[in-house]
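Structure first, commentary second.
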Amino acid sequence: MMRKILVLDTTLRDGEQVPGAKLNLYEKLEIAQQLKNLKVDIIEAGFSASSEGDFKAVETIAKKIGDEVMITALARAVKNDIDAVYHSVKHAQKPLIHIVLGASDIHVEKKFRKSKEQVLAQGVDAVRYAKSLLPEVQYSTEDASRAEFEYLWTTIEAVVKAGATMINIPDTVGYAVPEEFGDLIRRINDRLKNLNPNVILSVHCHNDTGLATANTLAAIKNGADKVECTINGIGERAGNAALEEVVMGLKLRRDYYQADTGIETTQIKKTSKLVSSLMGLDVQVNKAITGDNAFAHSSGIHQDGLLKSRDAYEVIHPEDVGVDQMEMILTARSGRHAVKNALAQIGFGSMTPEDFEKVFARFLELADTKKEVYNHDLFHIVESTLEGSEEDNEKKELISELVDMQVIINNSFPSASIKICRGEQVLTSSSVGDGAVDALYSAIRNALNMDLELLEYKISSVSKGKEALGRVSIQVAYNNKKYTSKAIDTDILKASALALINAANTVAIEEYLARKNETKAG
Ligand code: KIV
Ligand code: ZN
């Protein structure tokens, strides 16, 4: 039978512990709303007793977001913390108090300097008190993976008898390994289900040796009913188990785990981007599921295989996590098949074989000097190489190319001037803006006379920091169609300009083809 695994997202609590990632109330609300769209089962909204701001944030999230999704916040096993959590989460339809107390010898003896009995009694008292306030109480046995098993079990047994409805087993310092952690969960689960089958067994894994996802999945395989994760795997030190990895790992291998979550996976990429931009934490490009390159293929052999059959090299479909499409990165290793496909995507799919060979030869020349070839390079190659059909020549006339640009950066009036050529036309414009890129982009939009709304802009360094990769997502105002495009240059402003011009070229060619089809149909 397929088991449903509950997902607690702790991006706003463990995730917010990342240095520099502090959010304001409105940002927390925005993320909480998106976590609800993602259909997580529980949102851990903060640590209520830590500050007035944290209390207010948890309270506001409970009031505004807490209708279907359960809301919790963290408390140490002391009355003051439990009161703070209670008063902040009680407005939710389904509130939960989460209590944490150390269970390993290191925590008991060195951190608390108490006896095991004293710590156990403190945990039991805390659960009893929390239970007098709310029906749902989670107890986390901090540092459980380094705890002595029989003491860990005695604690679990005692707090369940005191009323805990969820038992969370944290690998607080990322010490666990999958087989051993799975075994620990199996042993606890066997006893727990005998003691009280309604109590939920949960895990919370840290990523200090990169095993958080593997440990979490091993726990599910061995009986865990609930997992605690963060978006993009952010969190204390090396972070927590990444929600997207655990969820997609389960979805991909439902046959093996016989388990699934209720997560709306198509919201994953959007949630990842929101968390990354509001917290100012970049996602590693090769990060599983949410990294920029997670669905990008650059090997020629893979590209050819993918174009023949996607499942040759794609086990997770980008659309399933809300990524528009897989990406083929053109390099000198890309073959004819991939280049033909890229040309077709930018509207030049019907060249004669002779024209294609000329374009392909130029492509190889360029790919040998540049590491990667982007659409704006293809536009340039087509523009300067093709002497093809009337239609191709008409399309060539629509391609805009950057001729020159000047950007003045100062505090009062950052401004930019741009010169672009489109076919025979020379287009110029100047503009001021909120900053250099804003000024540059409005100058480009004015020059091209195109109403393109900028949805996302990103600049990052590549090739040992010498080159910059500009990436933009735009939306065309009149039909709301979205386009994403990239460009590379040693100058960050030029890379930014090329990325936008490249997106505009894609729009122009697509519009031309649509007009052509209408004429043919009419
Ligand atoms: O890592 C940890 O042990 C925690 C607990 C509060 C669950 O974050
Ligand atoms: Zn943690």
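The values are calculated or read from the model by the stated rules, or taken from the named source; none is laboratory data. This structure is a prediction, so every number in the text was calculated from the model and none was measured. Note that each Cβ is placed from the backbone with ideal geometry, even for glycine, and that neighbours are counted across all protein chains shown. Protein only, heavy atoms only, side chains kept; ligands, DNA and RNA dropped before computing areas. Shrake-Rupley method; radii C 1.70, N 1.55, O 1.52, S 1.80 Å.
Quick notes
- Residue match in the stretch 204-215 (condition: assigned to a helix (DSSP H, G or I) and more than 16 Å from ligand 2 (Cβ to nearest atom)): yes
- Looking across ASP81, ASP54, one residue alone is acidic (Asp, Glu), open to solvent by less than 40 Å² (accessible area, probe 1.4 Å) and more than 14 Å from ligand 1 (Cβ to nearest atom). It is ASP54.
- Test: residue in the stretch 243-258 that is among the polar types (S, T, N, Q) and modelled with pLDDT under 95: no
- Yes/no for LYS273 being touching a strand residue (DSSP E or B) at 6+ places or on another chain (Cβ under 6 Å), charged (D, E, K, R) and under 28 Å from ILE316 (Cα atoms): no
- Here the stretch 306-337 is the region considered, the condition is being open to solvent by 40 Å² or more (accessible area, probe 1.4 Å) and modelled with pLDDT of 90 or more, and the residue that is nearest to GLU365 (Cα to Cα) is ARG336.
- Candidates GLU372, GLU383, GLU397, GLU390, filtered to the one that is of a type outside the set (Lys, Arg) and closer than 25 Å to LYS308 by Cβ: GLU372
- Unmet requirement for LYS273, which otherwise passes all of (1) assigned to a helix (DSSP H, G or I); (2) away from ligand 2 (no atom under 16 Å from the Cβ); (3) modelled with pLDDT of 95 or more: (3)
- Scope the stretch 1-31; condition open to solvent by 30 Å² or more (accessible area, probe 1.4 Å) and either of a type in the set (Phe, Trp, Tyr) or over 19 Å from ILE268 (Cα atoms) (or both); matching residues: MET1, MET2, ARG3, GLN17, PRO19, GLY20, LYS22, ASN24, LEU25, TYR26
The rows are residues; the columns are (1) part of a strand (DSSP E or B); (2) crowded, with 19+ Cβ neighbours inside 10 Å; (3) out of contact with any helix residue (DSSP H, G or I) (no Cβ under 6 Å at 6 or more places or on another chain).
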| position | (1), (2), (3) |
| --- | --- |
| PHE413 | no, no, yes |
| ILE418 | yes, yes, no |
| LEU427 | yes, no, no |
| SER431 | yes, yes, no |
| ASP434 | no, no, yes |
| VAL437 | no, yes, no |
| ARG445 | no, yes, yes |
| LEU455 | yes, no, yes |
| ILE459 | yes, no, no |
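- Residue pairs meeting the criteria (Cβ under 9 Å; at least 6 apart or on separate chains; first farther than 12 Å from VAL432 by Cβ, in the stretch 392-414; second open to solvent by 90 Å² or more (accessible area, probe 1.4 Å) and acidic (Asp, Glu)): ASN393/GLU387; GLU397/GLU424
- Long-range neighbours under 6 Å by Cβ, at least six apart or interchain, first residue at negative phi within the stretch 306-324, second polar (S, T, N, Q) and surrounded by 15 or more Cβ atoms within 10 Å (Cβ to Cβ): LEU307/ASN341; ASP320/THR265; VAL321/THR265
- In the stretch 226-236, residue nearest to the chain's Cα centre (by Cα) [restricted to those that are within 9 Å of ligand 2 (Cβ to nearest atom) and in a loop (DSSP other than H, G, I, E, B)]: GLY235
- Selection from the stretch 155-181 of residues that are part of a helix (DSSP H, G or I), over 23 Å from ALA73 (Cβ atoms) and open to solvent by less than 40 Å² (accessible area, probe 1.4 Å): ALA158, PRO178, PHE181
- Criterion: open to solvent by 10 Å² or more (accessible area, probe 1.4 Å), more than 16 Å from ligand 2 (Cβ to nearest atom) and in contact with a Ser or Thr (Cβ under 9 Å, 6 or more places away or on another chain) - qualifying residue of LEU152, LEU184: LEU184
- Matching entry among MET405, MET351 (being modelled with pLDDT of 90 or more, surrounded by 13 or more Cβ atoms within 10 Å (Cβ to Cβ) and not in a helix (DSSP H, G or I)): MET405
- Among the residues of the stretch 121-134, those identified as under 39 Å from the mean Cα position of the chain (by Cα), assigned to a helix (DSSP H, G or I) and touching a residue at least 24 places away in the same chain (Cβ under 8 Å) are GLN122, GLY123, VAL124, ALA126, VAL127, ARG128, TYR129, ALA130, LYS131, LEU133.
- Residues that are basic (Lys, Arg) and open to solvent by 40 Å² or more (accessible area, probe 1.4 Å) within the stretch 463-499 comprise LYS464, LYS466, ARG471, LYS481, LYS482, LYS494, listed in sequence order.
- One residue alone among LYS90, LYS111 is open to solvent by 60 Å² or more (accessible area, probe 1.4 Å), free of Cβ contacts under 8 Å to residues at least 60 places away in the same chain and within 15 Å of ligand 1 (Cβ to nearest atom), and that residue is LYS111.
- Top-ranked residue in the stretch 136-149 [being free of Cβ contacts under 8 Å to residues at least 60 places away in the same chain and within 31 Å of the chain's Cα centre (by Cα); ranked as farthest from ligand 2 (Cβ to nearest atom)]: VAL137
- Some residue of the stretch 379-396 being touching a Ser or Thr at 6+ places or on another chain (Cβ under 8 Å), open to solvent by less than 50 Å² (accessible area, probe 1.4 Å) and not in a helix (DSSP H, G or I): yes
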